[in-house]
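Visitor: Please find one structure pasted underneath; my questions will follow.
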Amino acid sequence: MTIPTHTLMSPLSTRYEPLLLRHPANPILTSKDWPYSINSVFNAGATRLADGTTLLLCRVEDRRGLSHLCAARSRNGVDGWQIDAEPTLMPSPNEYPEEIWGIEDPRITFVPELQQYVVTYTSYSRGGPGVSLALTKDFRSFERYGVIMSPDDKDSALLPRRIDGYWALIHRPMTTLGSHMWISYSPDLRYWGRHRLMLEARRGAWWDANKIGLSPPPIETSRGWLVLYHGVRHTPSGCLYRLGLALFDLENPEKCLLRGDSWIFGPEAEYECHGDVDDVVFPCGYTMDADGDTLNIYYGAADCAIALARASVRSLLDWLDANGSSGRRQRAGDL
């Protein structure tokens, strides 16, 4: 019997080799490190400050189950963390009612044009999660814009420069089309439009079927925006969060150039497999070393701790070349 070629799966072109290497000190931050009583710490945005200090803006869940954000600083990005003695950014439901059930999962983008850091985060309202935005110069005072994407929406990050004169925001709304990654544009960071579907969750048995979302902010390379995204597979024992790779056009970031077919990093270590939510690796931030190639990727592990993995931009792009598929938009029924 002849099998039609369009039904064949393309074979893996290389054997499995780890692209993200776990740091031997993992997990690098847990609730035991906190200067005040909390339940857990995870899903941290990351940046490197002008003096070389690594700053993590951590999601901290208190013992009620509500989250706030707290900054931790380290000279080497691994240990010796100096943690704010009090929450750095607390929900303010009287002024921002969309924050009544907490604020979560920050991503940090330094914007040279503004000479400020833009923090996008999930604000948890009665209507569900939405996207909020704040600006800061020092992670001590913040100019809050409030909600910019109404529920149900999350997994957001701003690109560091304008595209055709407009700011660009990647986010993950829940729509009748499903849980896919979208990109939207704004002249002023407050009012958003030109919503475009950016990357679709696949269907069927794929590792990233039905639900995907942005992980850390996109990484600008000479070849395009390199994006690590998470896919959620529903199994009989629960959800399984793993990471994949895609590459998007620099000047038209809604255009996908390459997308990896397989996942590149998943929960394997004990601190990733067992916690408040088992089987989760969830990065929200990275820093780049002075060599312009080494990535320090900070990720939440099992919703209980923060861990660190290192990767090479060059190796990630090489892997996409060897294992990626063309970014040609496929019909949803074919995914």
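Visitor: Please check the chain for the longest run free of GluC sites (Glu not before Pro) that are loop-located per DSSP (anything but H, G, I, E, B) and have at most 16 other Cβ atoms within 10 Å.
Guide: On the way: sites that count: Glu95, Glu113, Glu251, Glu268.
Here the longest run is 114-250.
Visitor: Which whole-number percent of Cα pairs in segment 91-201 have a distance greater than 25 Å? Could you put the intermediate results ahead of the total?
Guide: Numbers: 1047 of 6105 pairs.
Counting every Cα pair in segment 91-201, those more than 25 Å apart make up 17 percent.
Visitor: Restrict the search to segment 20-121; then list the trypsin sites (Lys or Arg not before Pro) that DSSP places in a loop and that have at most 13 other Cβ atoms within 10 Å of their Cβ. List each step's numbers first, then the result.
Guide: Numbers: sites: Arg22, Lys32, Arg48, Arg59, Arg63, Arg64, Arg73, Arg75, Arg107; in loops: Arg63, Arg64, Arg75.
Those that pass, being in a loop and sparsely packed, are Arg63, Arg64, Arg75.
Visitor: Identify, among Gly178, Pro27, Pro97, the residue whose Cα sits farthest towards the positive end of the charge dipole of segment 19-323, taking +1 on the Cβ of Lys and Arg and -1 on the Cβ of Asp and Glu, with the dipole about the Cα centre.
Guide: Gly178
Visitor: Using the eigenvalues of the Cα gyration tensor, what equivalent ellipsoid semi-axes result for the chain when each is taken as the square root of five times the eigenvalue, whole Å, largest first?
Guide: Working: eigenvalues 179, 104, 83 Å².
That gives 30, 23, 20 Å for the three semi-axes.
Visitor: May I pose another question? Straight-line reach from Lys211: which lysines have a Cα under 23 Å away, not including same-chain ones fewer than 8 places off?
Guide: Partners found: Lys154, Lys255.
Visitor: Loop only by DSSP, 11 or fewer other Cβ within 10 Å of the Cβ. Give me the trypsin sites (Lys or Arg not before Pro) in segment 148-237 that pass, ordered by residue number. Before the final figure, lay out each step's value.
Guide: Numbers: sites: Lys154, Arg161, Arg162, Arg190, Arg194, Arg196, Arg202, Arg203, Lys211, Arg223, Arg233; in loops: Arg161, Arg162, Arg190, Arg203, Arg223.
Hits after loop and neighbour filter: Arg190.
Visitor: How would you rank Ser215, Ser186, Ser37, going from fewest to most other Cβ atoms within 10 Å of each one's own Cβ? Walk me through the numbers before you get to the answer.
Guide: Numbers: Ser215 26, Ser186 18, Ser37 8.
In order of increasing Cβ crowding within 10 Å: Ser37, Ser186, Ser215.
Visitor: Would you order Phe139, Phe42 from fewest to most other beta-carbon atoms within 10 Å of each residue's own beta-carbon? Intermediate values should be presented prior to the final figure.
Guide: Working: Phe139 19, Phe42 31.
In increasing order of surrounding Cβ atoms, one gets Phe139, Phe42.
Visitor: Let me ask another. About its Cα centre, how strong a charge dipole does the chain have in debye, to the nearest 20, once Lys and Arg get +1 and Asp and Glu get -1 at the Cβ? All intermediate terms of the calculation are to be shown ahead of the outcome.
Guide: Numbers: 34 positive and 41 negative charges, 136 e Å.
Result for the chain is approximately 660 debye, rounded to the nearest 20.
Visitor: Have a look at segment 157-220 and give its Rg and Dmax from the Cα atoms, expressed in angstrom.
Guide: Calculated on Cα positions, Rg and Dmax stand at 12.8, 41 Å.
Visitor: Also, quick follow-up: At 222 nm, what helix-only mean residue ellipticity would the chain give, in deg cm²/dmol to the nearest 500, using -39500 (n - 2.57) for each DSSP H run of four or more?
Guide: Details: 2 runs with 15 residues, N = 335.
Estimated from H runs of four or more residues: -1000 deg cm²/dmol.
Visitor: Continuing with the same structure: Rounded to the nearest 5, what is the percent of antiparallel bridges among the DSSP beta bridges in the chain? Intermediate results must be reported in sequence, preceding the final value.
Guide: Working: 97 of 101 bridges.
DSSP beta bridges in the chain are roughly 95 percent antiparallel.
Visitor: Still on this structure: What chymotrypsin sites (Phe, Trp or Tyr not before Pro) in segment 147-218 are in a loop by DSSP, with at most 14 other Cβ atoms within 10 Å of the Cβ? Present the calculation step by step, with values, prior to reporting the outcome.
Guide: Numbers: sites: Tyr166, Trp167, Trp182, Tyr185, Tyr191, Trp192, Trp206, Trp207; in loops: Tyr191, Trp192, Trp206, Trp207.
Answer in residue order: Tyr191.
Visitor: Taking a temperature of 20 °C and a viscosity of 1.002 mPa s, what whole-number D in µm²/s does Stokes-Einstein yield for segment 223-335 with Rh from Kirkwood over alpha carbon pairs? Kindly include the intermediate steps, with their values, before the conclusion.
Guide: Values: Rh = 15.2 Å.
Approximately 141 µm²/s, per Stokes-Einstein.
Visitor: Under a cut-off of 16 Å between alpha-carbon atoms, report the aspartates and glutamates in cross-link reach of Lys32, not counting same-chain residues fewer than 8 places apart.
Guide: Leaving aside aspartates and glutamates fewer than 8 places away in the same chain, those within reach of Lys32 are Glu61, Asp62, Asp79, Asp84, Glu86, Asp276, Asp303.
Visitor: By how many degrees, 0 to 90 and rounded to 10, does the Cα axis of helix 313-323 deviate from the longest principal axis of the chain?
Guide: The two axes meet at around 30 degrees.
The numbers here are math on the coordinates, done by the rules we state, and not lab data. A quick note: this is a predicted structure, and the numbers were derived from the prediction, not measured. Glycine gets a Cβ as well: all are built from the backbone with ideal geometry, and neighbour counts include every protein chain shown.
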